[in-house]
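The values are calculated or read from the model by the stated rules, or taken from the named source; none is laboratory data. From a predicted model like this one, the values you see are computed outputs, not experimental measurements. Glycine gets a Cβ as well: all are built from the backbone with ideal geometry, and neighbour counts include every protein chain shown.
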Amino acid sequence: MTEELRCIGCGALLQTEDPQKAGYLPASSLAKIQADPDAEVYCQRCFRLRHYNEVQDVELTDDDFLNLLNALGQSDALIVNVVDIFDFNGSVIPGLHRFVGDNPVILVGNKADVLPKSVNPRKLTNWLTQAAHAQGLRPVATMLTSAKKGKMIDELLDTIEKYREGRDVYVVGVTNTGKSTLINQIIKRLTGVQELITTSRFPGTTLDRIEIPLSDGKALIDTPGIIHRGQMAHYIDTKDLNLVAPTKPIRPAVYQLNPGQTIFLAGLARFDFLRGKRSGFTIYVDNQLLLHRTKLENADAFYEKHKAGLLQPPRPNADFPELVRFEFTPKQKSDLVFAGLGWIVVPAGVTVAGWAPKGVDVLIRKALV
């Protein structure tokens, strides 16, 4: 590859190895560019943006994103922070409140379309707000959206307009939150309905931001997703990502358990019922994820024998971290949350343990249902 061959849209060095990294384009496209001295030199991301108004996510290094976050506090802007409602802890940007300065923040919980109807949206919104407060973030508004289904996009745009007060808008989030899908929905709405932005040309497209012009001369600015190492998605094969990012409404599974029983969530997590009276436990995970019940006394040996076999994912030969144990005795009906995977509703007064890969959070919250 020619060392000096860079994308004229974003400035990234062109490469054909990793579609998730900046500057990617297929080898066949690069060969055509190299053979034609007059060819437009665009990476795949910029090509799709230029011709289809479609934003694709691209991963930057932690240092790159740190520089971007530092720029937030130096600007006068509204910040839209997109998080995954199934994985708040894995999708929150650590220390974001220190970077935004005095700029207002709208918190957007994405992927609401896969929640069962029994989940109270108001409870979920309140929980997201409280979880943000625990991180030091004080959002001026908290909203639920479905980027994939295009739901609540108009309401989000109205909220953005309410709080931006003539300023630029920065959309930030970690990878796997659906941020780029949300941006694409916004572009679709603005270009197709309200005609607030130009329809095919996005000035200021650089490696660290995409500027979508607004009618008053300001811009809605998309930023690349930061990699958060505490996400379950980083520990499984790409073919299994649908199991940690549900695409269809979840059908809860109810198990009647006696103390001393364990449920494996494939090989990705484990739930132990330690002490208490026989109780019902409702599990909210992707409908295709394997749930396997066994005796607690045999659980360790069972996992060692069947991980990456009966208990898939993870897949054979995968570099999968050891499971780490967290014990809880909730005083009220609560959700035991496996970050990025789902949750189990636990009655008050029982003692349970949740296991997840090292680095992935297991936490307790007031039940949403």
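The table below lists the values:
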| read-out | value |
| --- | --- |
| Among (1) over 20 Å from PRO259 (Cα atoms); (2) in a loop (DSSP other than H, G, I, E, B); (3) in contact with a Ser or Thr (Cβ under 8 Å, 6 or more places away or on another chain), the one test that ALA348 misses | (1) |
| Pair list, Cβ < 8 Å and 6+ apart or interchain, from region 262-280 residues that are under 14 Å from LYS307 (Cα atoms) to residues that are hydroxyl-bearing (Ser, Thr, Tyr) and modelled with pLDDT under 95 | LEU268/TYR235 |
| Selection within region 340-354 - surrounded by fewer than 23 Cβ atoms within 10 Å (Cβ to Cβ) and either within 24 Å of TYR235 (Cβ to Cβ) or touching a residue at least 24 places away in the same chain (Cβ under 8 Å) (or both) | VAL345, PRO347, GLY349, VAL350, THR351, ALA353 |
| Which listed residue is under 28 Å from the mean Cα position of the chain (by Cα) and small (Gly, Ala, Ser), from ALA266, ALA301 | ALA266 |
| GLY309 surrounded by fewer than 19 Cβ atoms within 10 Å (Cβ to Cβ) and among the small types (Gly, Ala, Ser) | yes |
| Subset of region 67-87 [under 21 Å from PHE338 (Cβ atoms) and either assigned to a loop (DSSP other than H, G, I, E, B) or at pLDDT below 85 (or both)] | ILE85, PHE86, ASP87 |
| Residue in region 234-244 that is surrounded by 16 or more Cβ atoms within 10 Å (Cβ to Cβ), not aliphatic (A, V, I, L, M) and not in a helix (DSSP H, G or I) present | no |
| Neighbours by Cβ (under 6 Å, 6+ apart or cross-chain): first from region 132-157, touching a residue at least 24 places away in the same chain (Cβ under 8 Å) and of a type in the set (Phe, Trp, Tyr); second surrounded by 15 or more Cβ atoms within 10 Å (Cβ to Cβ) and not in a strand (DSSP E or B) | none |
| Single match in VAL345, VAL350, VAL369 (criterion: within 18 Å of VAL254 (Cβ to Cβ), in contact with an Asp or Glu (Cβ under 9 Å, 6 or more places away or on another chain), modelled with pLDDT of 95 or more and not hydroxyl-bearing (Ser, Thr, Tyr)) | VAL345 |
| Residue selected from region 93-122 under the condition in contact with a Pro (Cβ under 9 Å, 6 or more places away or on another chain) and farther than 19 Å from ALA141 by Cβ, by the criterion surrounded by the fewest Cβ atoms within 10 Å (Cβ to Cβ) | LYS117 |
| Residues within region 245-269 that are modelled with pLDDT of 90 or more, crowded, with 16+ Cβ neighbours inside 10 Å and not small (Gly, Ala, Ser), tallied | 11 |
| Residue in region 184-204 that is assigned to a helix (DSSP H, G or I), touching a helix residue (DSSP H, G or I) at 6+ places or on another chain (Cβ under 6 Å), within 28 Å of ALA22 (Cα to Cα) and modelled with pLDDT of 85 or more present | yes |
| Residue satisfying all of: in region 104-135; aliphatic (A, V, I, L, M) and assigned to a helix (DSSP H, G or I); nearest to the chain's Cα centre (by Cα) among these | ALA112 |
| Which listed residue is touching a Phe, Trp or Tyr at 6+ places or on another chain (Cβ under 8 Å) and among the β-branched types (Val, Ile, Thr), from THR247, THR294 | THR294 |
| Test result for LEU323, surrounded by 14 or more Cβ atoms within 10 Å (Cβ to Cβ) and within 22 Å of TYR235 (Cα to Cα) | yes |
| Unmet requirement for ALA219, which otherwise passes all of (1) farther than 28 Å from ALA245 by Cβ; (2) aliphatic (A, V, I, L, M); (3) modelled with pLDDT under 80 | (3) |
| Count - residues of region 136-169 that are under 17 Å from the mean Cα position of the chain (by Cα) and modelled with pLDDT of 90 or more | 5 |
| Some residue of region 269-286 being under 21 Å from ASN110 (Cβ atoms) and over 17 Å from the mean Cα position of the chain (by Cα) | yes |
